[in-house]
Amino acid sequence: MNIDEIKKLTEKQVNAMAESWEDIKGHRVYFADLGGNFGYSALVFCEGHHIHYANDYELHHHGKTHQELHDWYMQTLPHKLFTEEELMEPTDDYGELTRKEHFLRNYYPMRRDYVTMFYIGKPSEEQEAAEKAMYPSHVAFAYFDDPDFVRHMADLLDALHAANDPLRDYEHAKSAFKHEMFNHEYPINWQGDWDVINCFTKVEYKGDGTEIDQTGWSADIKRAYRDAAHEVSMACDW
């Protein structure tokens with residue numbers, strides 16, 4: 001079975017082959033041996049739809065027994081999947097905040113049929129038809145048949161942001177900046193300031209290192225940024 005065949009599996013098919021299943025935050029996670037390279041895997045479903053982006057496979061964890069894999073999936077999936085209530089809760093962990101937004105933009109939309117907005121070159125006939133007949137979501141960057149679902153995703157994203165301003169004080173801001181600096185290989189990235197700052201606000205790239213001056217941030221938040229940059233640069237022996 002290859003990855004395209006796995007993605008097309010229905011819940012009925014997976015239920016028939018699964019050794020067991022668990023409910024994780026409202027998602028039904030099936031544990032099945034897919035054979036071949038993919039092996040003993042965790043397959044995620046919600047509202048009858050295959051959330052295959054959230055799947056995990058033995059392919060990525062060579063050397064583990066089935067029991068060790070099962071334990072791994074049960075430990076890690078709760079950090080990838082969230083309830084709607086959790087999305088609206090505040091968190092002091094910027095990493096958790098980014099995981100929640102990733103879930104909302106990439107996993108949550110898969111509980112409905114959709115047509116992606118992404119394309120290379122020119123849109124497909126399906127995308128052109130969807131643009132005319134379906135409802136666009138700029139949370140999922142996709143088209144859906146259900147306008148209520150589109151509005152609900154937007155409301156969830158608004159609630160997530162309202163409860164979690166990563167720049168609300170010096171410590172939270174420094175933690176958030178460091179997270180994105182590591183993500184963007186800041187010490188060796190010639191446009192690192194532009195890349196990192198644009199994770200939080202939009203600034204123009206001028207190539208002269210003045211991006212932070214465009215932000216309008218308070219003196220404390222700018223200090224947090226400069227302190228984060230110093231700590232990340234000192235921590236990386238690149």
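Quick one: ASN164 ticks every box in (1) surrounded by fewer than 14 Cβ atoms within 10 Å (Cβ to Cβ); (2) in contact with a Pro (Cβ under 6 Å, 6 or more places away or on another chain); (3) not acidic (Asp, Glu) except a single one, so which number is it? Going through the list (1) surrounded by fewer than 14 Cβ atoms within 10 Å (Cβ to Cβ); (2) in contact with a Pro (Cβ under 6 Å, 6 or more places away or on another chain); (3) not acidic (Asp, Glu), ASN164 breaks only (1). Please go through the stretch 110-127 and pick out each residue that is aliphatic (A, V, I, L, M) and either touching a strand residue (DSSP E or B) at 6+ places or on another chain (Cβ under 9 Å) or closer than 21 Å to ILE51 by Cα (or both). Listed by number, the residues that qualify are MET110, VAL115, MET117. Residue count for the stretch 176-193 under the criterion of being part of a helix (DSSP H, G or I) and surrounded by fewer than 18 Cβ atoms within 10 Å (Cβ to Cβ): the result is 4.
Which of the residues belonging to the stretch 16-34 are among the small types (Gly, Ala, Ser), surrounded by fewer than 19 Cβ atoms within 10 Å (Cβ to Cβ) and either under 21 Å from HIS60 (Cα atoms) or in contact with a helix residue (DSSP H, G or I) (Cβ under 8 Å, 6 or more places away or on another chain) (or both)?
Initially, the stretch 16-34 is screened for residues among the small types (Gly, Ala, Ser), giving 16, 18, 20, 26, 32.
Imposing the further condition that a residue be surrounded by fewer than 19 Cβ atoms within 10 Å (Cβ to Cβ) reduces the set to 16, 18, 20, 26.
Residues satisfying the conditions are ALA18, SER20.
Could you count how many residues in the stretch 167-192 are within 12 Å of ARG226 (Cα to Cα) and without any contact (Cβ under 8 Å) to a residue 24 or more places away in the chain? Residues meeting the conditions: 0.
If I filter the stretch 220-233 for residues that are surrounded by fewer than 20 Cβ atoms within 10 Å (Cβ to Cβ) and within 22 Å of the chain's Cα centre (by Cα), do I get at least one hit? No, the conditions are met nowhere in the stretch 220-233. PHE38 meets the stated requirement of being part of a loop (DSSP other than H, G, I, E, B) and touching a residue at least 12 places away in the same chain (Cβ under 8 Å).
Quick check on the stretch 97-114. Is at least one of its residues of a type in the set (Lys, Arg), part of a loop (DSSP other than H, G, I, E, B) and in contact (Cβ under 8 Å) with a residue 40 or more places away in the chain? Yes, that holds for at least one residue. Within the stretch 124-154, the set of residues being farther than 25 Å from MET88 by Cα and either in contact with a Lys or Arg (Cβ under 7 Å, 6 or more places away or on another chain) or at pLDDT below 95 (or both) is empty.
Just name the residue that is farthest from GLU68 (Cα to Cα) out of those in the stretch 12-48 that are at pLDDT 95 or above and among the polar types (S, T, N, Q).
Residues of the stretch 12-48 at pLDDT 95 or above: 12-34, 38-48.
If we keep only those that are among the polar types (S, T, N, Q) too, we end up with 13, 15, 20, 41.
On the way: GLN13: 25, ASN15: 21, SER20: 15, SER41: 12 Å.
Filtering the stretch 12-48 for residues that are at pLDDT 95 or above and among the polar types (S, T, N, Q), the one farthest from GLU68 (Cα to Cα) comes out as GLN13.
The values are calculated or read from the model by the stated rules, or taken from the named source; none is laboratory data. For clarity, every value in this text was computed on a predicted model and none was experimentally measured. Heads up, the Cβs are rebuilt from the backbone with ideal geometry, glycines too, and the neighbour counts pull from every protein chain shown.
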